[in-house]
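Step one of this worksheet: look at the structure below.
The values are calculated or read from the model by the stated rules, or taken from the named source; none is laboratory data. If you're wondering where the values come from, they're calculated on a predicted model, not measured in any experiment. Don't worry about glycine lacking a Cβ; one is built from the backbone with ideal geometry, like all the others, and counts go over all protein chains shown. SASA here: full protein model, heavy atoms, side chains in, ligands and nucleic acids out. Shrake-Rupley method; radii C 1.70, N 1.55, O 1.52, S 1.80 Å.
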Amino acid sequence: MIAPPEFSSLSSAEKDALIATLLSRLSALEAENAALRAENAELRAENAALREKLNLPPKTPDNSSTPPSRGDKASGAVDAKPKAKPHAGAHRPLHPNPTRRRDVPASQCQHCWADVSGVVQTPVHTYDRIEIPEIKPDVTRVTLLGGMCPCCAKPFRAAPPAGLEPGSPFGPNLRAFAIYLRFTQAISFERLSRLFSDLLGLEISEGALVNMLDDSKQAFARAASLIRARLLAGTILQSDETSVRVGKRTWWTWVFHHAEDACFVIHPNRSRAVVEQFLAEHRPDFWVSDRLASQMGWAKKDHQVCLAHLIRDAQYAIDAGDTAFAPGLRKLLSRACKIAGRRPQLADATLRAYASKLDAELDVLLRITPTHGAGNKLQGVIKGCRRHMFVFLANRAIPPTNNGSEQALRPCVIFRKVTNCFRSEWAAHLYADIRSVIETARRKAIGALEAIRLTLHGTHLPARPELRPSG
């Protein structure tokens, strides 16, 4: 082969230099090609992982902790349902404590118009007519009289009556009504001011409403501290948390509760520091919560994890395609929750037998190899918390789920969605104290407005009606 004209005139040294340059460029291209192949492999792996995620089922309230408000309801059937069997008619029951009574005797017979005013008559028809009186404020004008003392020649003035001292013109019942509408019905200050004007004919500015809340802080803080003390005196605690907006930051609303008492805390984070601050030196014997790390490890004896969360996780693994492990686990956990509902009718020996049987069945399930990655993940979760799954079978006071905490937090979530929460920290803390009083009152079968009124009067919430002493 004849060399190209441009190379024919090159010397051997020049050709060697050219070859070395070409070899170095070739090495650089090969290194760049290897890097591109590695990057391409990473992109292919990432693409495969994303495609696998696309094949996963969506998170819904039925298979995850997604709140019901973010779920989509299935479309109902458009066909008309067949007419149901007629049921017995119902009527409004008579009021148990009517304001007044009117016994109306007949004066004439409606058939022959004879005079029956002297005939002995008995009740034949009783009904209620319900009406509300005209709503208007009850205003007491207090005038303190005074004069010049003839003895010391100094001015004197009458002492104000008890409960009618100078200061805020708004009494505790009106304050309780405003707090109830604000924190229970989530009415904004602007609408609340307008409501008082339209409904009561009473002009109250938004600033005056804020001052009402500010003046109520001590009463509700004192009531919340008593609720906390009762909780810490017990042996079981349940907890959960949800987000809340304070100013321009996301804080967290915590609830600690059991039986008749519930205490709320609003804190800037959801770490273990919140639980440690609430408990101080106290440690309960048992704790019930989900598997959030900050809520684990506080019980002196044992911890019960929420089976409802695990049932939803199992449903998600089933939706993802696991047909080996997740279906059996979901069935096992559902049966455990049904056993918990029948505990009042079961003997202690029967509960111990159920616990042993459930543990044995769980051991069998854990030896199954899942058919999907979601099942593998779920199996790892179960292995990590299995010793905390059936604690409720050894203690009847422990629930199998943490649904009570979620139900206690539900009004807080509604308040957050309606009002977008708080502009100041003191308002957030006041709301937590008020929620503590209202939720505790609900568990004692006391109305929210009555509980707020009692707190403002400095009165403790009584026990449930069936636990109150007669007379």
(request) Compute from the Cα atoms of the stretch 314-383 the Rg and the Dmax, the latter being the longest Cα-Cα distance, and quote both in angstrom. (result) 13.6, 40
(request) Please name whichever of L144, F170, Q218 sits farthest to the positive end of the charge dipole of the stretch 124-279, dipole taken about the Cα centre and charges placed at Cβ: Lys and Arg +1, Asp and Glu -1. (result) Q218
(message) Using the crude model of +1 on Lys and Arg Cβ and -1 on Asp and Glu Cβ, and no other charge, please compute the dipole size for the chain relative to its Cα centre, in debye to 20.
(response) 1500 debye
(request) Please report, in whole Å, how far the alpha carbons of the stretch 114-208 spread along each principal axis, starting with the longest. (result) 80, 46, 19
(request) For every helix of n ≥ 4 consecutive DSSP H residues, a contribution of -39,500 (n - 2.57) applies; sum these over the chain, divide by its total residues, and give [θ] at 222 nm rounded to the nearest 500 deg cm²/dmol. (result) -14500 deg cm²/dmol
(request) Mind listing the long-range amide H neighbours of F325? Cut-off is under 5 Å, sequence gap 5 or more, other chains count too, H placed in the peptide plane at 1.01 Å from N. (result) T371
(request) Just the number, please: percent antiparallel of the DSSP beta bridges in the chain, rounded to the nearest 5. (result) 70 percent
(message) Can you give me the distance in nm between label points at L94 and D16, each placed 7 Å from the Cα along the Cα-to-Cβ direction?
(response) 12.4 nm
(message) Quick check of the Kirkwood formula: for the chain, what is the inverse mean of 1/r over all pairs of different Cα atoms, in Å?
(response) 29.9 Å
(message) If DNA, RNA and ligands are ignored and the probe is 1.4 Å, what is the ranking of Y354, Y127, Y431, Y316 by accessible area, most exposed first?
(response) Y127, Y354, Y316, Y431
(message) Nothing charged except the Cβ atoms of Lys and Arg (+1) and of Asp and Glu (-1): what's the magnitude of the dipole of the stretch 146-248 about its Cα centre? Round to the nearest 20 debye.
(response) 280 debye
(request) For I266, list long-range residues whose amide hydrogen, built 1.01 Å from N in the peptide plane, is under 5 Å from its own amide hydrogen. (result) W254
(message) Could you derive backbone 3J(HN,Hα) for the stretch 241-247 from the dihedral phi with the Karplus parameters 6.51, -1.76 and 1.60 (θ = phi - 60°), listing whole Hz in sequence and x where the residue is Gly or Pro?
(response) 8, 8, 6, 8, 9, 10, x
(request) Report, in debye and to the nearest 20, how large the dipole of the stretch 197-292 comes out about its Cα centre when Lys and Arg carry +1 and Asp and Glu carry -1 on their Cβ. (result) 460 debye
(message) Between C149 and V120, what is the label-point separation in nm under the 7 Å Cα-to-beta-carbon projection?
(response) 7.3 nm
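Explain nothing, just the number: relative contact order of the chain, from Cα pairs under 8 Å at least 6 residues apart, as a whole percent.
It comes to 17 percent, rounded to a whole number.
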(message) In whole Hz and in residue order, list the ³J(HN,Hα) couplings for the stretch 334-348 that follow from phi through the Karplus curve 6.51 cos²θ - 1.76 cosθ + 1.60, θ = phi - 60°; x for Gly and Pro.
(response) 5, 5, 4, 5, 5, 4, 4, x, 9, 4, x, 9, 10, 7, 4
(request) Grab the beta carbon distance between N420 and S65, set R0 = 22 Å, and tell me the FRET efficiency rounded to 0.05. (result) 0.45
(message) Check which residues have an amide H placed less than 5 Å from W251's amide H, if you skip close sequence neighbours.
(response) V244, R245, V246
(request) Can you tell me the FRET efficiency between A229 and A162 if r is taken as the Cβ-Cβ distance and R0 is 45 Å, rounded to the nearest 0.05? (result) 0.90
(message) Using each residue's phi in the stretch 39-46, evaluate 6.51 cos²θ - 1.76 cosθ + 1.60 at θ = phi - 60° and report the 3J(HN,Hα) Karplus result to the nearest Hz, with x for Gly and Pro.
(response) 5, 5, 5, 4, 5, 5, 5, 5
(message) Over the stretch 241-353, what is the relative contact order in percent, taking alpha-carbon pairs closer than 8 angstrom and at least six residues apart?
(response) 12 percent
